[in-house]
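Below: the structure, in structure tokens.
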Amino acid sequence: MNKTIFLTGILFGLTGILLGAFGAHGLEKLIAAKALQTYETGVKYQMYHALFLMILAGIKPMKPESKKLVFYLILFGILLFSFSIYLLALNELTDFDFRAIAFLTPLGGIMLILGWGILGYRSFKYFD
């Protein structure tokens, strides 16, 4: 499981860099400044949590079940939070109104918060 968590962190880091570069160089003339700022928020949170996953993979004393739960919360949190933000920021470029999926952003945020909270709780419980 540690290898999967670590590689997922690398994948999110890699795509975060690509999406960030795309936002900085490809979108600045296509979307409003506020939308670009929103897009950059999605990239930041994706990158923070990519690093989080890589660190999570290296935590030894945590039970595999606990680590797996935190991993899935962060994984789905990133997908729902950051990727819904990307779509919302790009809303003006498409015919589909992505505001219809705006509820996914706070749901993803809650999952990220839960992942951090469970990691904190389990760390307090297992570490000396």
Filtered residues of the stretch 30-57 (kept if aliphatic (A, V, I, L, M) and either within 13 Å of Gly77 (Cβ to Cβ) or assigned to a helix (DSSP H, G or I) (or both)): Ala33, Ala35, Leu36, Val43, Met47, Ala50, Leu51, Leu53, Met54, Ile55, Leu56, Ala57
Inter-residue pairs, beta-carbon under 6 Å, first surrounded by fewer than 19 Cβ atoms within 10 Å (Cβ to Cβ) and in the stretch 38-54, second modelled with pLDDT of 95 or more and aromatic (Phe, Trp, Tyr), 6+ apart: Met54/Phe6
Please state which one of Ser66, Ser82 is closer than 15 Å to Gly109 by Cα and not aromatic (Phe, Trp, Tyr). Ser82
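Of all residues in the stretch 90-109 being of a type in the set (A, V, I, L, M) and free of Cβ contacts under 8 Å to residues at least 24 places away in the same chain, which is farthest from Thr41 (Cα to Cα)?
Checking each candidate, the answer is Ala100.
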Kindly indicate whether any position in the stretch 65-81 is under 16 Å from Leu19 (Cα atoms) and either at pLDDT below 95 or surrounded by fewer than 17 Cβ atoms within 10 Å (Cβ to Cβ) (or both). yes
Out of Lys67, Lys60, sole residue that is under 30 Å from Phe124 (Cβ atoms) and either touching a residue at least 60 places away in the same chain (Cβ under 8 Å) or of a type in the set (Asp, Glu) (or both): Lys67
For the stretch 113-123, does any single residue satisfy the condition of being charged (D, E, K, R) and without any contact (Cβ under 8 Å) to a residue 40 or more places away in the chain? no
Residues located in the stretch 25-35, provided they are without any contact (Cβ under 8 Å) to a residue 12 or more places away in the chain and among the aliphatic types (A, V, I, L, M): Ala33
For the structure I just gave you, tell me whether Leu30 is modelled with pLDDT of 90 or more, over 29 Å from Lys125 (Cβ atoms) and touching a Leu at 6+ places or on another chain (Cβ under 8 Å). yes
Which one of the conditions (1) out of contact with any Ser or Thr (no Cβ under 9 Å at 6 or more places or on another chain); (2) under 16 Å from Ile113 (Cβ atoms); (3) small (Gly, Ala, Ser) does Ser82 fail to meet, given that it meets all the rest? (1)
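The values are calculated or read from the model by the stated rules, or taken from the named source; none is laboratory data. Note that the structure is predicted; figures quoted are calculated from it, not measured. So basically every Cβ, Gly included, is an ideal-geometry build from the backbone, and we count neighbours across all protein chains shown.
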